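Asker: Just dropping this structure here.
Readers should treat all values here as calculations from the given coordinates under stated rules, not as data from a laboratory. Only a predicted model underlies this, so the values are computations on that prediction, with no experimental measurement involved. Cβ coordinates were reconstructed from backbone atoms using ideal geometry, including for glycine residues, and neighbour counts include every protein chain displayed.
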Amino acid sequence: MNTRASAARYARALLDVVINEKADLEQVERELIAFANLLGQNPELQKALTNPAVPVSGKRGVVESLVSRLTPSPPVGKLLLMLADGDRLALVPDLVAIYGERLMEHRQIVRAEVTTAVPLAPDRAERLHKRLADVTGRQVTMTTKVDPALIGGAVARVGSTVYDGSIATQLEKIKERLER
């Protein structure tokens, strides 16, 4: 099984535990991010915790020490110790990302990336944001970027769905029809 699939199982289980224990979902996410950042900012620590040559007992000892200093919520502390015991600490970055995705699903929030030919005026961005929320039936976290190659219009990516209303695409379709 690949690491992303393994991390997804851990993230799903963690979210289930946190929901059942009525713990703070966002706090758990912050704690996971803090631990991942700690590893990312300390390459030697990360190497030691992910190196297969380092005994699991040593990794557990280090994680126990970190957990006692960081004092995360019980579900996060238990998860980190479980990952250390299973020599699975390399999953932490993927686990953090997947937990965030699952948390957004649980909260009925979707990400939308909107690309336009020119920067959107605030009122237009707000209307587009509302329209995407209406279409998806969920809360939308929208980011925007500019790509002059679109000529005009917009392209919105919501999950795996793409809504393409760009002039460049419309011109390409017209060109294809004319060539037939």
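Asker: Kindly provide the helix-only [θ] at 222 nm of the chain, computed as the sum of -39,500 (n - 2.57) over DSSP H runs of four or more divided by all residues, to the nearest 500 deg cm²/dmol? Don't skip to the answer; put the middle values down first.
Answerer: Working: 8 runs with 113 residues, N = 180.
My calculation for the chain gives -20500 deg cm²/dmol from helical runs alone.
Asker: Take I167, I174 and order them by how many other Cβ atoms sit within 10 Å, fewest up front.
Answerer: In increasing order of surrounding Cβ atoms, one gets I174, I167.
Asker: Okay, next question. Go through (i) 1.01; (ii) 1.38; (iii) 1.28 and flag the label whose value is the computed Cα Rg over 2.2 N^0.38 Å for this structure.
Answerer: Computed from the coordinates, Cα Rg over 2.2 N^0.38 Å corresponds to (ii).
Asker: Short version: ³J(HN,Hα) in whole Hz for each residue of the range 93-105, in order, from phi by Karplus 6.51 cos²θ - 1.76 cosθ + 1.60 (θ = phi - 60°), x for Gly and Pro, what are they?
Answerer: Once θ is set to phi - 60°, the couplings for the range 93-105 become x, 5, 4, 4, 4, 6, 4, x, 5, 5, 5, 5, 4 Hz.
Asker: Separate question: Taking K59 as the anchor, which lysines have their alpha carbon closer than 19 Å to its alpha carbon, excluding any fewer than eight residues away along the same chain?
Answerer: List returned: K47, K78.
Asker: So if each residue of separation counts as 0.36 nm, and I subtract the Cα-Cα distance between R107 and D16, what length gain in nm does that give? Could the numbers behind the result be given before it?
Answerer: Numbers: separation 91, 0.36 × 91 = 32.76 nm, distance 1.34 nm.
Between R107 and D16, full extension yields an extra 31.4 nm.
Asker: Taking Cα atoms of the range 1-82, Rg/Rh with Kirkwood Rh, to two decimals?
Answerer: Numbers: Rg = 13.1 Å, Rh = 13.6 Å.
Looking at the range 1-82, the ratio lands at 0.97.
Asker: Sticking with this one: Roughly what would the spin-label model give for A125 and T71, points 7 Å off Cα along C-beta, in nm?
Answerer: It is 3.9 nm.
Asker: Let me ask you something else. Could you give the alpha-carbon Rg of the range 109-179 over 2.2 N^0.38 Å, rounded to two decimals?
Answerer: 1.17
Asker: Can you check what the net charge comes to around D147, using other residues whose Cβ is under 13 Å from the Cβ of D147 (Lys, Arg +1; Asp, Glu -1)?
Answerer: Numbers: positive: K145, R157; negative: E113, D164.
Net charge in that neighbourhood comes out at 0.
Asker: Here is a further query. Take the Cα gyration tensor of the range 39-119, multiply each eigenvalue by 5, square-root it, and list the three semi-axes largest first, rounded to whole angstrom.
Answerer: Details: eigenvalues 208, 52, 25 Å².
With the √(5λ) rule applied to the range 39-119, the semi-axes are 32, 16, 11 Å.
Asker: While we're looking at this one, here's another question. Under a crude label model (7 Å from the Cα following the beta-carbon direction), how far is K173 from R9 in nanometres?
Answerer: Once both label points are built, they end up 4.4 nm from each other.
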